[in-house]
Amino acid sequence: MSARTHLPVGQEAIAIKGWIGAHRFLLLRRASQLFFLALFLVGPWFGIWIVEGTLAGSRTLDILPLTDPFVLVQSMVAGHWPALTALIGAAIVVVAYAVLGGRTYCSWVCPINPVTDAAHWLHVKLGLPKGWQPKRNTRLWIALAAILASALTGTIAWELINPITILHRGLIFGLGFSLALIGLIFLFDLLLSRQGWCGHVCPVGAIYGLIGTKSVVRISAANRTACDDCMDCYAVCPENQVISPALKGKDGTSPLILSPDCTNCGRCIDVCAQDVFHFTHRFDNRIGALADLSSAATIGAASPDNGSTHHAEIN
Amino acid sequence: MCLCRIGTGVSGARCSRLARHSHQATGRTGEEDFLSACIRCGLCVRDCPYDTLKLAELGEDGPATGTPYFTARDIPCEMCDDIPCVAACPTGALDPSLTNIDDADMGVAVLVDQENCLNFLGLRCDVCYRVCPVIDEAITLETSHNTRSGHHAIFAPTVHADRCTGCGKCEQSCVLPEAAIKVLPTHLARAESADHYRRGWEEKEANDGPLVDGIIDLPDRLPGPGTDNLATPGGFEPTYKLPGATQ
């Protein structure tokens, strides 16, 4: 049994910023996921061909090629040298996510994210135990295994089971049995391993993490002196091990969340009533209140009157 | 010969074993090459103007998940001159060196059931022959005596594998409830001659004489049709004559 001695996660932020304000990036993220899905769907559904193909490989407005770099790497080790179009497409994707943060793909584009988020929501609602938690670098080993398997079998190994492309293909070309696989992912995250799929297993996210190791767009805990240890950011963060170095760093250490595991989802910004976090770039090491840092920040650093509220989760 | 290979499907419920193989989207030089090259993006499917191509779903019996295939009995390949599927492929899984669709090799048509083929039963159905885009080259009608009736001909649809592209129009148009002619993947449809077999008549032509010296051509003693004994009615000129041989 877990004794809940604190306000529900984000409650304080909602009270201060309003529901919309406390779900800003979540709403933006859902809009972004829908937008990218819609780009692919308006073709087959309404005959408006903006993007053709799937997330594995696509062509936008008959010009811009995009290719999943992990799929292409598997193809190459499997013995196929891809045509220039695919290589250019992968290069564009790599460059884009090297700037944006590789795992931005995971939280802003990937169609599996709403599935695992839904599983997590229900998981929390039901108060289930966190279950099996393999090491986070398991996904890197799985990525390596997929590449090795591709080389040994001469096939693009991960694509046999990759739920991302299977779901995306299913949505675009017609869902069938593929829905069952997505159901399995949901159940895996719900019953077996809390936030297990994206956080511990998925090699696609692992590769995007590697791509974004030196990415420019980062979240900074610039206003960390205002932190009241409410732990809400840890509670919502799907990769909460990335927070401490930035938030709890000693004076003189960078407030930037530099871990490539961070998905740039922005939920920590949403739920923080103290406005500790904000989006910035990796060269911005400034520490201080948000309002001092950025004139573009219109919401400012609201100083809550209940800023001394201290609540922590006791499991 | 250039290889195109998107792969074809046999839609017969009664031949599930064949279907498992023949649904397979096969690669440039076989299934495995294709599986290393196809990223399952579906751009070939989108650019096919005839809705021929499908992407295999998870759990589908046959082709690897997400790879393209077509079921000839439903919608065959229309053999577009500009080959849009190949042009659309971003990885080269569909061979970009294929520029003439008549060189495509998506499989081979096989007359799988002579016992039900109407032409073999003595009728002049000929539909598979008529719809073939490479008529008289990929499929010819070979006449032979109809021994059942004694005074008719059988016009046997005969596939010439080196010219057949595997488009499947013959399979689609077969008038029988289940097609008597089907497109199969080449590795199922064709035998492979062992290296040590050589065709004597071709070797003689190439060598301008027998490969072994000292062979003499003795006259065939048996009289009658089917021999080269010209002294007897029904005899015929041999297609190849030994140099210097007189009769």
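Structure values in brief
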item: Unique match (being surrounded by fewer than 20 Cβ atoms within 10 Å (Cβ to Cβ) and assigned to a helix (DSSP H, G or I)) among A:Ala149, A:Ala143, A:Ala119, A:Ala86; result: A:Ala149
item: Of all residues in the stretch A:155-166 being open to solvent by 10 Å² or more (accessible area, probe 1.4 Å) and more than 9 Å from chain B (Cβ to nearest Cβ), the one that is modelled with the lowest pLDDT; result: A:Ala157
item: Matching option when the condition is within 26 Å of A:His23 (Cα to Cα) and of a type in the set (Lys, Arg), among A:Arg224, A:Arg139; result: A:Arg224
item: Tally, over the stretch A:122-137, of residues that are closer than 26 Å to A:Ile211 by Cα and open to solvent by 40 Å² or more (accessible area, probe 1.4 Å); result: 4
item: The stretch A:23-49, residues that are over 19 Å from A:Pro114 (Cβ atoms) and surrounded by 15 or more Cβ atoms within 10 Å (Cβ to Cβ); result: A:Gly43, A:Pro44
item: Residue within the stretch A:239-260 that is among the hydroxyl-bearing types (Ser, Thr, Tyr), under 26 Å from A:Lys17 (Cα atoms) and crowded, with 21+ Cβ neighbours inside 10 Å present; result: no
item: Residue in the stretch B:103-111 that is outside any strand (DSSP E or B), of a type outside the set (A, V, I, L, M) and either open to solvent by 70 Å² or more (accessible area, probe 1.4 Å) or within 14 Å of another protein chain (Cβ to nearest Cβ) (or both) present; result: no
item: Any hit, the stretch A:62-81, residues being over 15 Å from B:Ile39 (Cβ atoms) and within 12 Å of chain B (Cβ to nearest Cβ); result: yes
item: Selection from the stretch B:84-100 of residues that are more than 21 Å from A:Gly170 (Cα to Cα) and open to solvent by 10 Å² or more (accessible area, probe 1.4 Å); result: B:Pro84, B:Val86, B:Ala87, B:Asp95, B:Pro96, B:Ser97, B:Thr99, B:Asn100
item: Flag for A:Ala180 being open to solvent by 20 Å² or more (accessible area, probe 1.4 Å), of a type outside the set (Ser, Thr, Tyr) and either within 29 Å of A:Phe279 (Cα to Cα) or away from chain B (no Cβ under 14 Å) (or both); result: no
item: Filter result for B:Asp195 (without any contact (Cβ under 8 Å) to a residue 12 or more places away in the chain and surrounded by 11 or more Cβ atoms within 10 Å (Cβ to Cβ)); result: no
item: Only one of A:His281, A:His310 that is open to solvent by 50 Å² or more (accessible area, probe 1.4 Å) and at pLDDT 85 or above; result: A:His281
item: Test result for A:Ala145, away from every other protein chain (no Cβ under 14 Å) and over 20 Å from the mean Cα position of the chain (by Cα); result: yes
item: B:Glu205 being part of a helix (DSSP H, G or I), open to solvent by less than 40 Å² (accessible area, probe 1.4 Å) and acidic (Asp, Glu); result: no
item: Candidate set from the stretch B:65-83 (those that are surrounded by fewer than 20 Cβ atoms within 10 Å (Cβ to Cβ) and without any contact (Cβ under 8 Å) to a residue 60 or more places away in the chain); member that is farthest from B:Cys128 (Cα to Cα); result: B:Asp82
item: Hits in the stretch A:59-73 - residues which are touching a Leu at 6+ places or on another chain (Cβ under 8 Å) and within 18 Å of A:Trp158 (Cβ to Cβ); result: A:Thr67, A:Asp68, A:Leu72
item: Residue tally, condition under 14 Å from B:Val112 (Cβ atoms) and in contact with an Asp or Glu (Cβ under 7 Å, 6 or more places away or on another chain), over the stretch B:144-165; result: 2
item: Filter result for A:Arg218 (basic (Lys, Arg) and within 15 Å of A:Thr116 (Cβ to Cβ)); result: no
item: Unmet criterion (only one of (1) buried (at least 21 other Cβ atoms within 10 Å of the Cβ); (2) in the same structural domain as A:Leu144 (by TED's automatic domain parsing)) for A:Pro114; result: (1)
item: Qualifying residue in the stretch A:205-216 (condition: outside any helix (DSSP H, G or I), open to solvent by 20 Å² or more (accessible area, probe 1.4 Å) and in contact with a Pro (Cβ under 6 Å, 6 or more places away or on another chain)); result: yes
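The values are calculated or read from the model by the stated rules, or taken from the named source; none is laboratory data. Because the structure is predicted, anything quoted here is derived from the model rather than measured. A quick note on method: Cβ atoms are made from the backbone with ideal geometry, for glycine too, and the neighbour counts reach across all protein chains shown. All accessible areas refer to the heavy atoms of the entire protein, side chains included, with ligands and DNA or RNA removed. Shrake-Rupley method; radii C 1.70, N 1.55, O 1.52, S 1.80 Å.
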